[in-house]
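Below you'll find the structure, written out as structure tokens, and then a few comments.
The numbers here are math on the coordinates, done by the rules we state, and not lab data. Every value quoted in this text rests on a predicted model; they were computed, and no experiment measured them. Cβ sites come from the backbone with ideal geometry, for glycine too, and all protein chains shown count toward neighbours.
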């Protein structure tokens, strides 16, 4: 007879198992309401919360399609570039989440003073209201660019090391690259690619990677339209193409679309139609670089109705002067 | 000079792996040495100081004046058709490209006219990009490279260094500011608040050298608008800060956060040396900026024959060479308004090391060949 006691092998104490779980590094409380409260006041999250936010979004966004279907009414926004207080002004103009549905077309970070706070707020809103806000990937949502244009430096200064920047970049890798509104308006950050003829081919791209320096995934985020161009011209930005009305109309007709909506380029009034209103540029960073004096806009689509709302930079008001952080170059 | 075969300069930095041969190129070494010579020539010198200008220098300045007149004469285009920058800039650029060979030929001595094929592109690409109607530190670098080439050709000598900075380069800055404001040029590749300025870098280097030894102006002084306004004519640095104050809106500590930070540096000598390190780190070693650089026989991509005097590692057969001590500290310090302090870690050394490892992994034991000569 087999001694039945031998079959009961204790692997660990039952009480210890429960205690250990609460200390496991990946198990953190997710508190979107608290995080939104902090983020709305231009405060960034403690590191562990920032990592938890990113990890959760990665899990969720990995399941999203490259092109996200959105139904109207929806408000479309262009580049933000770390202008946090102007983002708050945008919400005043366009309406608050979740009462208003939004598509942001990328470039949340770099250049402006509050990249970290800006992208933190947008990510918290995405976490809490995934059906009311869509965040597309812009060319600045990449390691190669955000290492140079400020987001990395800002995370370094605020957290003291690069770990949080690393996690944000992992989220950037899985942000969708397009939004399809009412199956008739396509939103992307930059523009078209000669390698993309159909929305289906957009769907088939492997987007979960660093933005490559050429190819269709690169082009979608880097290209620009131009009235003086017929077909495709290599962009002088160093990535992407410059494309014209002919290829835009071809793309729209092939895919039964009425409008291509994008940001990526500063426009003086915040909004600009091109190609007989077949293409729209939306720009949402007012007084860009604090010198351009431009207006900013959001673009509202409700069925067949389209309208634009404009806003300007927030007045200085009372903002705390930051501590002076001397860069290592000057030591 | 030995007889040279001049050719139109072309882009050699096509991807991040080309950064390493660029670091060790003749162009990099000689350009930095050139900037240091210019810098040393203006230590403690006011912009308004008397200095002897040769006829050649005066002709060069007149040539730049001519560009400014063109900018004024070309009518602006109607705003409604444009995205942001005024498309009339493209007319200016067309005229610049068309007239540049003759302009430079009329100013430069006969014996260097053979080199015009190599010099003209640096000149035409000094004033901005016509497609995007923008301007950035890469365009500024092209003008400095032009001056470097002219000195290498013997058109200017090292006796002209002071004049190159405070008369010719200064005039170039004024032309560029005029273009920037008249045609509403967009900042090219701007790092926004993380950069010294949206448009320029070099005047902050030279301008900080000018202020070395100043008794009345310390780095903290340029936070006060009236001091900047009063002394803008004495230093390119203060002149640039004055231009920023005139053209930017919002709080200074926000729109010019790097300048805000640098004002805490105790003296100008340290500001000056820091500016050089920052120029290397943020302009010369950043692919998005240097991918547009053009190389020829004068500004040569060939590997330098001299071991670097800097602390940078020399190339080695070892795929993982030990890193030399950093030129600057690993840590920055915060100067708090309150009592608390904290350390901030630098990333540039790690990034640089990573890049060398990356390069070694990609091209183990490969030596980059010199660019193909024309048949």
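Here are the numbers:
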item: Cα shape, region A:118-162, gyration tensor, a/c 1.5 rule; result: oblate
item: Residues A:35, A:283 arranged by fewest to most Cβ contacts within 10 Å; result: A:35, A:283
item: Gyration tensor (Cα) of region A:38-114, equivalent ellipsoid semi-axes in angstrom; result: 21, 20, 13
item: Contour minus Cα-Cα distance for residue B:10 and residue B:113 (0.36 nm per residue); result: 35.2 nm
item: Distance between modelled label sites at residue B:233 and residue B:80, nm, 7 Å Cα→Cβ extension; result: 4.5 nm
item: Ratio of the Cα radius of gyration of region B:150-247 to 2.2 N^0.38 Å, where N counts its residues; result: 1.17
item: 5 Å binning of all Cα-Cα separations within region B:234-296, expressed as whole percents from 0 upward; result: 4, 14, 17, 22, 19, 15, 6, 2, 0
item: Between 0 and 90°, nearest 10: helix A:245-254 axis offset from chain A longest Cα axis; result: 60 degrees
item: Shape category assigned to region A:200-268 from the gyration tensor of Cα positions, a/c cut at 1.5; result: oblate
item: Debye intensity ratio in log₁₀ form over the Cα atoms of chain A, taken at each q of 0.07, 0.08, 0.13, 0.14 Å⁻¹; result: -0.31, -0.40, -0.94, -1.09
item: 0 to 90° range, to nearest 10: angle between helix A:163-174 axis and chain A longest Cα axis; result: 60 degrees
item: Hull shadow area, averaged, region A:86-182 [alpha-carbon convex hull, nm²]; result: 6.3 nm²
item: Gyration tensor (alpha-carbon) shape descriptor, region B:110-188, a/c threshold 1.5; result: oblate
item: Principal axis dimensions, largest first and in whole angstrom, of region A:239-326 by Cα; result: 54, 33, 18
item: Two-site label geometry, residue B:225 and residue A:65: point separation in nm, points 7 Å out along Cα→Cβ; result: 5.4 nm
item: Per-selection metrics, region B:1-104 (Cα): Rg and Dmax in Å; result: 19.7, 54
item: For region B:1-42, the spread of Cα positions along each principal axis, largest first, Å; result: 36, 30, 14
item: Distribution of pairwise C-alpha distances over region B:8-295, 10 Å bins, in %; result: 6, 28, 37, 24, 5, 0
item: Extension gain, residue B:55 back to residue B:36 (0.36 nm per residue minus Cα-Cα distance, nm); result: 4.3 nm
item: Whole-angstrom Cα spans of region B:44-115 along principal axes, big to small; result: 48, 37, 19
item: GNM flexibility winner over chain A from A:47, A:117, A:249 (Cα, springs under 10 Å); result: A:47
item: Sorted by Cβ neighbour density within 10 Å, fewest at the top, the residues A:223, A:62, A:142; result: A:62, A:142, A:223
item: Simple label model, 7 Å out from Cα along Cβ direction - residue A:256 to residue B:216, nm; result: 7.6 nm
item: Cα-based helix-to-principal-axis angle, A:115-128 vs chain A, degrees rounded to 10; result: 70 degrees
item: Taking all pairs of distinct alpha-carbon atoms in region B:149-199, Kirkwood radius in angstrom; result: 13.1 Å
item: Order of A:171, B:16, B:175 under a 10 Å beta carbon neighbour criterion, fewest first; result: B:16, B:175, A:171
item: For region A:116-273, alpha-carbon Rg over 2.2 N^0.38 Å; result: 1.08
